[in-house]
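Trainee: This structure is in structure tokens; I'll ask about it shortly.
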Amino acid sequence: MAGNTFGNLFKISTFGESHGKAIGGVIDGCPSGITLDLAAIQKDLDRRKPGQSAIVTQRKENDEVEFFSGIFEGKSTGTPIGFAIHNTNQKSKDYGHIKDSYRPSHADYVYDQKYGFRDYRGGGRSSARETASRVVAGAIAKQFLAGIEINAFVSQVGELQLTKNYTELDLSLTESNPVRCPDPDTAAKMEAYIKSIKKEGDTIGGIITCVAKNVPVGLGEPVFDKLHAELGKAMLSINAVKGFEYGSGFDGVKMKGSDHNDPFNPDGSTKTNHSGGIQGGISNGMDIYFNVAFKPVATVIQAYETIDKEGNPVSTQGKGRHDPCVVPRAVPIVEAMTALVLADYMLLNRTVKR
Ligand SMILES: Cc1cc2nc3c(=O)[nH]c(=O)nc-3n(C[C@H](O)[C@H](O)[C@H](O)COP(=O)(O)O)c2cc1C
């Protein structure tokens with residue numbers, strides 16, 4: 001299986017399956033001498049972990065990260081940072097019913113077809129459990145990026161969406177509710193809606209908006225490694241992501257160029273920011289903002305029809321402890337992938353002669 005490493009200079013390789021002994025990774029290319037706050041890393045993991053509220057999966061994983069290398073006396077040494085998170089709460093029997101059949105719209109069918117067989121327990125490598133390792137690496141990247149602020153939040157659940165944009169919201173309120181939506185009234189509606197979806201044994205999708213502030217001018221490597229292209233790849237590599245748009249995104253098509261253009265101030269900043277902080281694939285110093293769309297995930301706790309390995313029709317029943325809506329737990333994952341891209345592109349930018 002290829003494709004388990006992300007990044008050019010600041011790189012993360014992850015390993016592990018949902019119900020194996022552990023998941024983890026190796027971070028290669030983290031510069032030396034970065035003071036690392038291990039409690040801040042654990043805090044981001046806690047924001048992703050299962051069982052944190054009534055609207056997420058009730059699996060009870062502690063998700064405590066153990067570091068093996070690359071950190072000495074509280075600082076990165078510049079050598080590979082190896083780490084693991086032990087899997088402690090697997091209930092593999094919950095997945096017996098999918099051993100020989102495929103959950104529609106999950107990764108079961110394609111893994112079997114591509115690799116010949118699969119670790120079906122908890123979805124194996126296709127499980128979003130893998131993203132805990134990205135959160136560890138991203139939390140380290142955030143500390144390398146000190147001064148750059150990265151804030152993600154839930155801006156839509158099903159049809160319920162924020163009417164204010166990020167500049168009108170108090171992003172310090174994101175963590176004040178289990179949905180991670182910075183508008184408390186909308187958050188309460190979203191929470192009630194997710195609870196009703198959970199009661200039906202169903203799932204619902206949502207959107208996460210992410211904002212990166214204080215990004216210097218110059219990050220991005222045209223032509224194929226444009227900053228927004230790398231952010232798009234990073235976001236679309238997260239489980240259940242179906243869409244990515246930055247700046248004016250899809251709504252921009254409704255505007256005329258004369259309205260869409262961002263007029264300059266004398267210092268090079270712009271009066272508006274439809275460009276989303278990136279022009280020609282290079283950061284322009286304005287806020288970088290983008291939306292990431294997550295689908296309603298596949299595992300419904302309802303009766304459903306599918307096929308077995310031989311293509312025979314099968315009637316089965318979804319079981320186990322699943323997320324009715326993944327966006328509250330995906331907020332730290334989006335931040336982590338953003339930090340990994342920016343850290344990597346910050347290092348790539350050091351290869352430019354000034
Ligand atoms: C935080 C998070 C939690 C997830 N939990 C579930 C889950 O409980 N049940 C499920 O079917 N999919 C879940 N997913 C999504 C699957 O991992 C994903 O849909 C699957 O691997 C197929 O990949 P795709 O949807 O990207 O095509 C979760 C995704 C994220 C980001």
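The values are calculated or read from the model by the stated rules, or taken from the named source; none is laboratory data. What you are looking at is a predicted structure, and each value in this text was computed from that prediction instead of being measured. Quick reminder, even Gly has a Cβ in these numbers, built from the backbone with ideal geometry, and neighbours come from all protein chains shown.
Trainee: Residue 12 fails exactly one of the following numbered conditions: (1) surrounded by fewer than 19 Cβ atoms within 10 Å (Cβ to Cβ); (2) closer than 28 Å to residue 111 by Cβ; (3) at pLDDT 95 or above. What is the number of that condition?
Mentor: Unmet condition: (1).
Trainee: Still on this structure, please answer the following. Only helices (runs of 4 or more DSSP H) wholly contained in the stretch 152-265 count here; list those with 1 or more residues that are exposed (fewer than 13 other Cβ atoms within 10 Å of the Cβ), more than 16 Å from the chain's Cα centre (by Cα) and more than 16 Å from the ligand (Cβ to nearest atom). Write out each step before concluding.
Mentor: Values: elements: 184-199, 227-236, 257-260.
Counting at least 1 such residues, we get 184-199, 257-260.
Trainee: I've got another one for you. Just to be sure, is residue 69 away from the ligand (no atom under 12 Å from the Cβ) and touching a Leu at 6+ places or on another chain (Cβ under 8 Å)?
Mentor: Details: away from the ligand (no atom under 12 Å from the Cβ): yes; touching a Leu at 6+ places or on another chain (Cβ under 8 Å): no.
Against the criterion (away from the ligand (no atom under 12 Å from the Cβ) and touching a Leu at 6+ places or on another chain (Cβ under 8 Å)), residue 69 does not qualify.
Trainee: Any residue at all in the stretch 128-136 that is in contact with a Cys (Cβ under 9 Å, 6 or more places away or on another chain) and modelled with pLDDT of 95 or more?
Mentor: Step one: list which residues in the stretch 128-136 are in contact with a Cys (Cβ under 9 Å, 6 or more places away or on another chain), which gives none.
No: the stretch 128-136 contains no residue that is in contact with a Cys (Cβ under 9 Å, 6 or more places away or on another chain) and modelled with pLDDT of 95 or more.
Trainee: Would you confirm whether or not the stretch 297-305 contains a residue that is within 16 Å of the ligand (Cβ to nearest atom), of a type in the set (D, E, K, R) and more than 18 Å from residue 48 (Cβ to Cβ)?
Mentor: no
Trainee: I need every pair where a residue in the stretch 192-214 that is farther than 17 Å from residue 57 by Cβ has its Cβ under 8 Å from the Cβ of a residue that is acidic (Asp, Glu) and surrounded by 15 or more Cβ atoms within 10 Å (Cβ to Cβ), sequence separation at least 6 or different chains.
Mentor: Short answer, once both residue conditions are applied: 210/335; 211/287; 212/287; 213/287.
Trainee: With the checklist (1) surrounded by fewer than 16 Cβ atoms within 10 Å (Cβ to Cβ); (2) more than 30 Å from residue 99 (Cα to Cα); (3) within 16 Å of the ligand (Cβ to nearest atom) in hand, flag the one item residue 352 doesn't pass.
Mentor: Of (1) surrounded by fewer than 16 Cβ atoms within 10 Å (Cβ to Cβ); (2) more than 30 Å from residue 99 (Cα to Cα); (3) within 16 Å of the ligand (Cβ to nearest atom), only one is false for residue 352: (3).
Trainee: Scan (1) more than 20 Å from residue 165 (Cα to Cα); (2) surrounded by fewer than 18 Cβ atoms within 10 Å (Cβ to Cβ) for the single condition residue 271 breaks and write down its number.
Mentor: Result: residue 271 fails condition (1) only.
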